[in-house]
């Protein structure tokens, strides 16, 4: 069994750009810079206004509202199962935090810098606790309804529904008969494995041998089966998909195409809007919100970006951030080929300290759905990302994964002094894109579950 998949047809806006690489891939100046592992800032020429972009995405906004409602229904069970959510009544959410000390140290002299602390998001300490938890809960709910153990909310909206029943014997017994399978670089696997084990579902995570060992060890300690592959992330995903296709009692979480994952991530848009309002921070044309989203295959930043565009319209600019060794979304967007091209064609290996972003081929669904809503992409080297891990710790006392720290490097590039120098002139077109009243939001995607020795290595 697999999750609901989106319409595979490309969105109508903006047009694909297959003609961007005449004379061979490395004959294209941007592709050549990517092949040289050159850190760069790229502004998307196909970006359009929010209304057009949302329409062209072909994503039904109702799935986001449905996901938000499902997460509300499960809050009593979540609160009882995960003690770190009890005070918030089972709400899985992270705070917004000012980063004044980091901003001053980084030389970012305009606007304000905020941190979205998904590194301490409950359940699994990463952004993947949004989409991953939602999809597993949706699967568990569908099993309970199908077997008559839970009323169907679509046909009986007023029926008595006690979601703490997921902790009791009848539903636990049902869950043990089913398995969830996912291919992951690490954090999605952690989220899927932890929530599946909590529900009593069996779980299998397919991972590259290059994935962080501590993440594999943690999953195994929770009773999750970890299958390692000597090839890259793409093969891990393919192996997981093949396993699910052979058994109706197996549900495959498809990070490349899942609407359930996408919707779970997109719920963050409305929540961020409320948090900004509560903090008295305006978001409008004069005070745009720049959001920097670390990007692997694209599911998490795509869903979050969609939710933000839905809430803020043209007042939000979403910037995806990738390692110089794995700029798969940038390459897919630039060429118009999306998942039809891999960074391997540039001679890149995807070997990077940012293991959560080590993906060679982007989600074709996300690339096509979001191509009009992505303002641009930034690529960062391993040295730059680890440098920002240290800088954030020195200034704010926070330790995150290099994947998360990539968002800070992007802010430095776009909003700091580096932006003014980009392009070789005294002032650049990049700087002119960022008004003085902008708010810069770094989405810290993970790091809350880092073992002490790994933290020490990043800070060493």
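In table form, for the structure just shown:
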| read-out | value |
| --- | --- |
| Label point distance in nm, residue 213-residue 452, each placed 7 Å from Cα along Cα→Cβ | 1.8 nm |
| Tilt relative to the chain, helix 268-278 - C-alpha long axis, 0 to 90 degrees, to 10 | 70 degrees |
| Spacing of the two label points (7 Å from each Cα toward its C-beta) at residue 147 and residue 383, in nm | 5.6 nm |
| Nearest-ten-degree value, helix 187-199 long axis tilted from longest Cα axis of the chain | 20 degrees |
| Relative packing of peptides 286-293, 253-260, 109-116, 240-247 - highest average C-beta neighbours within 10 Å first | 253-260, 286-293, 109-116, 240-247 |
| Sequence ranges 31-40, 350-359, ranked by mean other-Cβ count within 10 angstrom, highest first | 350-359, 31-40 |
| Where labels lie 7 Å past Cα in the beta-carbon direction, separation of residue 278 and residue 169 in nm | 4.1 nm |
| Radius of gyration and Dmax over the Cα atoms of segment 127-260, both given in Å | 15.1, 51 |
| Segment 127-260: relative contact order as a whole-number percent, Cα under 8 Å and 6+ apart | 26 percent |
| Degrees between helix 62-73 axis and first principal axis of the chain (Cα, 0 to 90, nearest 10) | 50 degrees |
| Order of 192, 398 - criterion: other Cβ atoms within 10 Å of each residue's Cβ, fewest first | 398, 192 |
| Sorted by Cβ density within 10 Å, fewest first, the residues 216, 128, 161 | 161, 216, 128 |
| Among beta bridges that DSSP assigns inside the chain, antiparallel share in %, nearest 5 | 15 percent |
| Sequence-separation-based contact order of the chain, relative, with Cα cut under 8 Å and 6+ spacing, percent | 23 percent |
| Distance cut-off 17 Å, percentage of C-alpha pairs in segment 25-85 lying past it | 69 percent |
| Kirkwood-based shape ratio for segment 94-138, expressed as Rg/Rh from alpha carbons | 1.19 |
| P(r) weight above 21 Å for segment 64-151, C-alpha pairs, percent | 44 percent |
| Over the chain, volume per residue of the alpha carbon convex hull, in Å³ | 138 Å³ |
| Value of relative contact order over segment 247-368, rounded to a whole percent, pairs C-alpha under 8 Å and six or more apart | 28 percent |
| Relative packing of peptides 320-329, 64-73 - highest average C-beta neighbours within 10 Å first | 320-329, 64-73 |
| Which of 209, 445 has the fewest Cβ neighbours within 10 Å, and the rest in rising order | 209, 445 |
| Value at 222 nm in deg cm²/dmol, rounded to 500, when DSSP H runs of n ≥ 4 in the chain each add -39,500 (n - 2.57) | -12500 deg cm²/dmol |
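Readers should treat all values here as calculations from the given coordinates under stated rules, not as data from a laboratory. These numbers come from a predicted model, not from an experiment. Neighbour counts run over all protein chains shown; Cβ positions are idealised from the backbone, glycine included.
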